[in-house]
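What follows is a set of notes on a single structure, which appears directly below.
The values are calculated or read from the model by the stated rules, or taken from the named source; none is laboratory data. Bear in mind the structure is a predicted one, so any value in this text is a computation, not a measurement. Cβ sites come from the backbone with ideal geometry, for glycine too, and all protein chains shown count toward neighbours.
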Amino acid sequence: MEAVTVPEVQPRSGEDALLEVRDLRTRFSLRGSFFDRLRGREAGSVKAVDGVSFSLQRGEVLGVVGESGSGKTTLGRTLLGLAAATDGSIKFEGHEITGLSENAFRPLRRRLQIVFQDPHASLNPAMTIGESVGHPLKIHGVARTREEIESRVVEALERVGLAPAQQYMVKYPTDLSGGQKQRAVLARAIILGPDILIADEPVSMLDMSVRAKILELMIDLKRELDLTYVYITHDLATAKFFCDRIAIMYLGKIVEIGPAKEIYADPKHPYTVSLLKAIPEPDPTRTVPRDLPRGEVPDAVTPPLGCSFHPRCPRAFEVCGWESRDLRALLEARWTRMPEAEYRAEREVIGSLESLDEPAMSAVVEPASGHSAGEVLEIVDRLRADAPDDPFWTGVADLAERDGAVAIRFHDGLDPRDVESGQSRLQCHLYDPDALAAAEAVRDERRSNDRPPSDRGMAD
Amino acid sequence: MSEVVLDVRELRAWYGTEGDPVRAVDGVSFEIRSGETLGLVGESGCGKSTLGRTILGLLPEGSATSGEIRYRDRNLLAVSPKEVRSLRGPDLGLIFQEPMTRLDPLVTIEHHFMETLNAHEPDLSHREKRTRSLEALAAMGIPPTRFKQYPHEFSGGMRQRIMIALALVLNPKVLVADEPTTALDVIVEGQILGILADLRRNFDTALLLITHNLGIVAEACDRVAVMYAGRIVEQGGARNVFAEPAHPYTRALLDSIISLGTTGLKYIPGAPPSLIDPPPACRFHPRCPNAMEVCAAKFPIQVDVAEGHSTECWLHGPQEEIPPGGDQPLEREEIAIAEEA
């Protein structure tokens, strides 16, 4: 067993940021149906990266953490020009690099390199390890003679621990284990002497027993070669070990960013809190956590209104962006807990649920034919009585029978904006005084409405 | 204590290759009781998935097995393939890793359930089948409103829940889950582990949970079996094994976990051995920090270190079997840094 302690790495202050990202957006348009195109209708787009800002100091390790669909991989690809930014700016040493042509970008790739998740897919199976690792030298015309290429390949391989290099150079990817392949990929990434290395889940395909070794190698390379890392991962445990700062992404946005120490000791965004809680710990006295957020990351094509996390958030309140789809989710969750016969009885009363799928700040639940709005209202009342403390109900401004249906109006939702707390920056209404004040105003109004009419005039 | 549903004795499963056979499972014994979860852990290539497949009779052609898998009164290795097939589903359920690829994209969820129930419980009425299916789905948190939807309309986590519901709708006595959460996000993984934990309480199913993640074992399993190079090197109650790991491999595996509480990076030097030609005697001795002379010379004997907690390691004796001088530290070649998995 070999233990290694990781040196404290402090970003050097006083220097200008190596990479400065401002309000970056990357969108992918969706291919609509044939008829949509005939009618000239847009099929919509996925906002994979949706207004992301951060700066990266030389020598720093920034962890970008999120679940699948958070946009973390697209962010990494956009930084490297592998996906085109739709909007916003990326400055590398003060120079704008968005919108550069492939030809103009190419020289920059000597300084910005990437390591992908799957080491097997990253190496050409028809090339020897030596050829693969030396390939960037040829592409960028850095070394021309065979001897020069070979000596640099040997140096890179030995630096990543594939020694003696002569033994590994002649091998093909299939001859190597997963960890060895990832070492070879790292050798290829450092051979041009880059400044920034973007590592996209570099250890998540590897066995637990080798992850530590590859992380240790990355720490050594950083120190020896003065690298700056963007470490993209879903795993807050490895990020804790490795990163100076952490950015938590959810549906294309950075919801919390701050010094790693602060994020782990005092996570603020409810999403960060749940991510930390969900990590399985090798401690048998701990049982599976029960209070995890419900559901999964929603579809990025039609993200939730207001705060994207509100449908899953245990601490959501009045102004977080409640909407029609939340009602459908709540109804479905209720039906999931019911015996089939009771579910059928309730389902028969309510007409189409699809009308709730269109995101809206109000919802109309129509009764099915042969049923009345009163019956629908009864179901909604039961839904409320079942879970009166569900955050959903804080968002309901008005619920009444209207025009033969049940109409619900929600409080105006606010889009979260950046707020500072401690040394972190986050997007959560719980930390935004204006959002809290707006919610308080909503509560005041509700209290005054709840009072009997005779008192109302005398209150103010 | 509840009854033993699955009793595996001296199980071997070998794959044929052009040269010598791959001894993926090489003399493994364990039992699982109803309502119990046994976690089977080890690195890639230790034989844990093969072990799961052997129990279900799903080994490819050209493989050979020996030993016993006692399920109720039968030895599953001795009965006809047809009988094993009829047991698979209602008695022996399975959940695979990749939920994306295991559902038929062309048919609805309802169709998947009806097909399963038609095959195994044809006597149920259509209505009963429907009720059973909706109950199984509801237990996994899938709303009944989505019964007639197609697999692509569900997220990865939901598909994995549908797969679990599809296995549970037949109320299997034994459920083999091979890395059921590996492809999923951490929060969804937590949700599914919660469901699996409820399962053993509510359904009395015996669950064999195959995973490389010891964190999952700690949180979701009653007992744990640690596999290395085709052998179970240690097994016992999860709490015991985690608190006092007896085998140096278990200790190393526990140390290599990177969790929020980790303060130093640790790893196991070297790589798991080839299963065609594993090291003689104790298979872990070339990587073992505590290796003694005897470890390279004599196959270790299983010993009990505590009640229901056993290991195969000379450090725990039996002393009388260790030849004189056998407890001297083993001189070993140094393992190169890149010799790894």
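Quick look at the values:
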quantity: Strands (runs of 3 or more DSSP E) enclosed by region B:10-101 - at least 1 residues per element that are more than 30 Å from B:F242 (Cβ to Cβ); calculated: B:22-33, B:63-71
quantity: Residue satisfying all of: in region A:332-355; more than 16 Å from A:L383 (Cα to Cα) and in a helix (DSSP H, G or I); nearest to the other protein chains (Cβ to nearest Cβ) among these; calculated: A:E340
quantity: Residue match in region B:100-116 (condition: exposed (fewer than 14 other Cβ atoms within 10 Å of the Cβ) and touching a His at 6+ places or on another chain (Cβ under 9 Å)); calculated: yes
quantity: Elements of type helices (runs of 4 or more DSSP H) contained in region B:148-228, each with 3 or more residues being more than 9 Å from chain A (Cβ to nearest Cβ); calculated: B:156-168, B:186-202
quantity: Residue among B:F154, B:F147 that is over 20 Å from the mean Cα position of the chain (by Cα) and surrounded by fewer than 19 Cβ atoms within 10 Å (Cβ to Cβ); calculated: B:F147
quantity: A:D326 vs. criteria assigned to a helix (DSSP H, G or I) and surrounded by 20 or more Cβ atoms within 10 Å (Cβ to Cβ); calculated: yes
quantity: Scope region A:48-84; condition within 14 Å of chain B (Cβ to nearest Cβ) and closer than 17 Å to A:P202 by Cβ; matching residues; calculated: A:G63, A:V65, A:G66, A:S68, A:K72, A:T73
quantity: Qualifying residue in region B:119-132 (condition: outside any helix (DSSP H, G or I), crowded, with 23+ Cβ neighbours inside 10 Å, modelled with pLDDT of 90 or more and not acidic (D, E)); calculated: no
quantity: Residue match in region A:295-317 (condition: over 20 Å from the mean Cα position of the chain (by Cα), in contact (Cβ under 8 Å) with a residue 12 or more places away in the chain and facing chain B (nearest Cβ under 7 Å)); calculated: no
quantity: Subset of region A:130-164 (residues that are over 24 Å from A:T174 (Cβ atoms) and either free of Cβ contacts under 8 Å to residues at least 40 places away in the same chain or crowded, with 21+ Cβ neighbours inside 10 Å (or both)); calculated: A:G141, A:A143, A:R144, A:T145, A:R146, A:E147, A:E148, A:S151, A:R152, A:E155
quantity: Residue list for region A:394-433, filter: under 23 Å from A:S362 (Cα atoms) and of a type in the set (D, E); calculated: A:D398, A:E401, A:D403, A:D412, A:D415
quantity: Only one of B:G47, B:G93, B:G42, B:G67 that is surrounded by fewer than 20 Cβ atoms within 10 Å (Cβ to Cβ) and touching a strand residue (DSSP E or B) at 6+ places or on another chain (Cβ under 9 Å); calculated: B:G67
quantity: Checking A:I379 against (1) in a loop (DSSP other than H, G, I, E, B); (2) buried (at least 19 other Cβ atoms within 10 Å of the Cβ), the condition it does not meet; calculated: (1)
quantity: Tabulated pairs, region A:168-189, first modelled with pLDDT under 95 and surrounded by fewer than 24 Cβ atoms within 10 Å (Cβ to Cβ), second of a type in the set (D, E, K, R) and assigned to a helix (DSSP H, G or I), C-beta under 9 angstrom, 6+ apart or interchain; calculated: A:M169/A:E131; A:M169/A:E150; A:P173/A:K181; A:L176/A:R183
quantity: Cross-chain or 6+ apart pairs with Cβ under 7 Å, region A:361-390 first and of a type in the set (K, R), then buried (at least 16 other Cβ atoms within 10 Å of the Cβ); calculated: none
quantity: Residue satisfying condition, being touching a residue at least 24 places away in the same chain (Cβ under 8 Å), touching a Lys or Arg at 6+ places or on another chain (Cβ under 9 Å) and assigned to a loop (DSSP other than H, G, I, E, B), within set B:P245, B:P272; calculated: B:P272
quantity: Residue within region B:234-252 that is more than 13 Å from chain A (Cβ to nearest Cβ) and touching a Cys at 6+ places or on another chain (Cβ under 6 Å) present; calculated: yes
quantity: Test for B:T131: is it at the interface with chain A (Cβ under 10 Å from one of its Cβ atoms), among the hydroxyl-bearing types (S, T, Y) and more than 27 Å from the chain's Cα centre (by Cα); calculated: yes
quantity: Residue that is surrounded by fewer than 21 Cβ atoms within 10 Å (Cβ to Cβ) and acidic (D, E), where the choices are B:D185, B:D198; calculated: B:D198
quantity: Count of residues meeting criterion [in contact with a strand residue (DSSP E or B) (Cβ under 6 Å, 6 or more places away or on another chain), more than 11 Å from chain A (Cβ to nearest Cβ) and either crowded, with 20+ Cβ neighbours inside 10 Å or not β-branched (V, I, T) (or both)] in region B:253-282; calculated: 1
quantity: Test for A:P202: is it touching a residue at least 40 places away in the same chain (Cβ under 8 Å), under 27 Å from the mean Cα position of the chain (by Cα) and at negative phi; calculated: yes
quantity: Residue check for B:E219: buried (at least 19 other Cβ atoms within 10 Å of the Cβ), more than 24 Å from B:E331 (Cα to Cα), at pLDDT 90 or above and within 20 Å of the chain's Cα centre (by Cα); calculated: no
quantity: Which numbered condition A:H269 misses (of (1) over 15 Å from the mean Cα position of the chain (by Cα); (2) modelled with pLDDT of 95 or more); calculated: (1)
quantity: Matching residues, region A:397-425, being outside any strand (DSSP E or B) and within 17 Å of A:I263 (Cβ to Cβ); calculated: A:D418, A:G422, A:Q423
quantity: Meets criteria (more than 30 Å from B:G264 (Cβ to Cβ) and of a type in the set (A, V, I, L, M)) for A:L197; calculated: no
quantity: Residue check for A:P284: touching an Asp or Glu at 6+ places or on another chain (Cβ under 6 Å), without any contact (Cβ under 8 Å) to a residue 60 or more places away in the chain, at the interface with chain B (Cβ under 8 Å from one of its Cβ atoms) and more than 30 Å from A:D432 (Cα to Cα); calculated: no
quantity: Count of region B:288-332 residues which are more than 23 Å from the chain's Cα centre (by Cα) and touching a residue at least 12 places away in the same chain (Cβ under 8 Å); calculated: 27
quantity: Residue check, B:V107 among the β-branched types (V, I, T) and touching a Pro at 6+ places or on another chain (Cβ under 9 Å); calculated: yes
quantity: Number of positions in region B:157-182 that are among the polar types (S, T, N, Q), modelled with pLDDT of 85 or more and crowded, with 23+ Cβ neighbours inside 10 Å; calculated: 1
quantity: Flag for B:E333 being surrounded by 14 or more Cβ atoms within 10 Å (Cβ to Cβ) and under 27 Å from A:V210 (Cα atoms); calculated: no
